[in-house]
Amino acid sequence: MEVKKRKILLVEDEAVVRESVRDWLIEDGYIVDIAENGEEALEKIKGEEFGVIVVDLKLPGIDGLQVFEGAKELRPKTEGIIITAYPTKETWEKAKRLGLLDYLSKPFKVEDLEKLISAALGEAELKKVGKKHLWLELGAVSYRLCDRNYECSSCAFAQDIQDRFGTIAVIGEDEIAKLKQLPANQRLCRYASVHFAKKDKLGLD
């Protein structure tokens with residue numbers, strides 16, 4: 001694989017997060033450059049191509065969405081992942097319109113970020129992530145596979161989604177019955193393509 005396709009730009013103003021994520025990704029074989037704010041990030045993007053930009057939503061000056069929008073103007077093929085402590089439906093819808101691959105809510109596991117980066121670079125295959133999660137690559141998108149036979153009440157992933165965003169239904173029971181007839185490596189998680197809806201009491205910006 002070409003080196004430039006393995007290079008990541010991490011845009012994060014919190015030094016502890018920035019340094020720890022950078023070190024983890026470097027240990028995993030990625031070449032990582034960093035920027036503390038959006039203006040610095042865009043200057044770096046002007047000078048070289050990055051396979052993926054990982055950008056915090058809340059930055060001093062221009063925000064993460066503006067950074068990615070500028071990056072796409074400079075480098076149309078660049079993929080992006082946003083990280084945020086302020087996940088809202090409006091933010092996610094705007095991110096999708098801009099072409100961002102996905103977002104992670106803080107705090108997050110670096111293993112989950114690595115999975116998204118791998119999918120963005122077209123490297124993802126059907127494999128285990130950590131000890132529990134299976135993901136399936138379909139084109140440029142990576143989908144979570146169900147490993148609980150759709151017993152969502154016993155699934156930590158499903159519970160986390162509901163805790164953060166409220167009760168949501170993505171795939172109905174009729175579709176679930178059909179999915180149960182498929183081989184295990186084709187049973188998509190019912191939350192695999194969710195449009196997140198925040199709880200009324202979250203109070204997020």
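Read-outs throughout are calculated quantities, based only on the coordinates presented, and are distinct from any laboratory measurement. Everything numeric in this text was worked out from a predicted model, so none of it was measured.
Listed values for the stretch 36-43 are Karplus-derived 3J(HN,Hα) couplings in whole Hz (6.51 cos²θ - 1.76 cosθ + 1.60, θ = phi - 60°), namely 8, 8, x, 4, 5, 4, 5, 5, and x replaces Gly and Pro.
Rounded, prolate or oblate: which fits the stretch 3-123, taking a ≥ b ≥ c as square roots of the Cα gyration tensor eigenvalues, rounded meaning a/c under 1.5, else prolate when a/b beats b/c? It is rounded, given that a/c, with a ≥ b ≥ c, falls under 1.5. Label the stretch 65-120 by shape, choosing from rounded, prolate and oblate, from the square roots a ≥ b ≥ c of the eigenvalues of the Cα gyration tensor; if a/c is under 1.5 it is rounded, and otherwise prolate applies when a/b is larger than b/c, oblate when it is not. It comes out oblate by the Cα gyration axes.
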